[in-house]
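Please read the structure below before turning to the comments.
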Amino acid sequence: MTNDQRAHFGLGATVASLFIAALLALTEQLSPHAIAAAGYASVWAVFTLVSGWHAAKKSTTEELREKVQKLEAELDARQERISEAAAKFNRKLYVIAEDFVEEVDPTEAPLSKLSVARDFSRFPVGRTRADGPNSGEHLRALIIERLRHGPLEVDLDGTMGYSSSFLEAAFAGLSASPITFVSNQDPSLVKEVRGYMEKYDRLGAS
């Protein structure tokens, strides 16, 4: 018998015992033995009902705990897959940079400037082209095109902010190229971008 069945059976037995006791009392056929029997049946029924509910509650708690543990395991597995995919993506970015960024002699080409806010978007967001026209991959393509014509200065000011995924997609693997950065609003942003570039250069070389 399952916990739910025990609970329902106990409830039914309790109601039946009380009904019989009331019926016998109304018909004035309630003897001392009948009273004792009805009382015993009622106590037993209540005990069965309470124990059934307790067991059902315990079973429900254990099931919820198992479900939570299962969900946590699935989330950990998904996070691991996402980390692996991000690592592969960053390796791919490094290879693309090696293939398409041409070395330019800074002494022979004029310095061009690119303002992310003015020349690209004030709302940079997303990693890949599938994330929209303001993604890191789109900015990366623009930067690579500008680098073909000479050294480049990128102004990072004037936007609504940058996510780490955007910065990775835009700048990973470009540290060997003649590119400099300016950020008067947040000088630490330049260091952060350089960190991504150097990190994934090491990753691509390993």
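The values are calculated or read from the model by the stated rules, or taken from the named source; none is laboratory data. Because the structure is predicted, anything quoted here is derived from the model rather than measured. Because the Cβ atoms are built from the backbone with ideal geometry, glycine has one as well, and the counts that use them run over all protein chains shown.
Any idea how many residues of the stretch 165-177 are surrounded by fewer than 18 Cβ atoms within 10 Å (Cβ to Cβ) and either under 14 Å from residue 153 (Cβ atoms) or at pLDDT 90 or above (or both)?
1
Please work out which one of (1) aromatic (Phe, Trp, Tyr); (2) modelled with pLDDT of 90 or more; (3) crowded, with 17+ Cβ neighbours inside 10 Å is the condition residue 123 fails and give its number.
Every condition holds for residue 123 apart from (3).
Mind listing whichever residues of the stretch 148-166 are under 20 Å from residue 126 (Cβ atoms) and in a strand (DSSP E or B)?
154
For residue 168, which of the numbered conditions (1) free of Cβ contacts under 8 Å to residues at least 60 places away in the same chain; (2) within 30 Å of the chain's Cα centre (by Cα) fails to hold?
(1)
I'd like to check something: does the stretch 137-148 contain any residue that is exposed (fewer than 15 other Cβ atoms within 10 Å of the Cβ) and of a type in the set (Lys, Arg)?
Yes: one or more hits.
With the condition kept exactly as written, say whether any residue in the stretch 167-179 is assigned to a strand (DSSP E or B) and of a type outside the set (Ser, Thr, Tyr).
Yes, the stretch 167-179 contains at least one residue that is assigned to a strand (DSSP E or B) and of a type outside the set (Ser, Thr, Tyr).
In the stretch 87-120, what residues are modelled with pLDDT of 95 or more and in contact with a Ser or Thr (Cβ under 9 Å, 6 or more places away or on another chain)?
116, 117, 120
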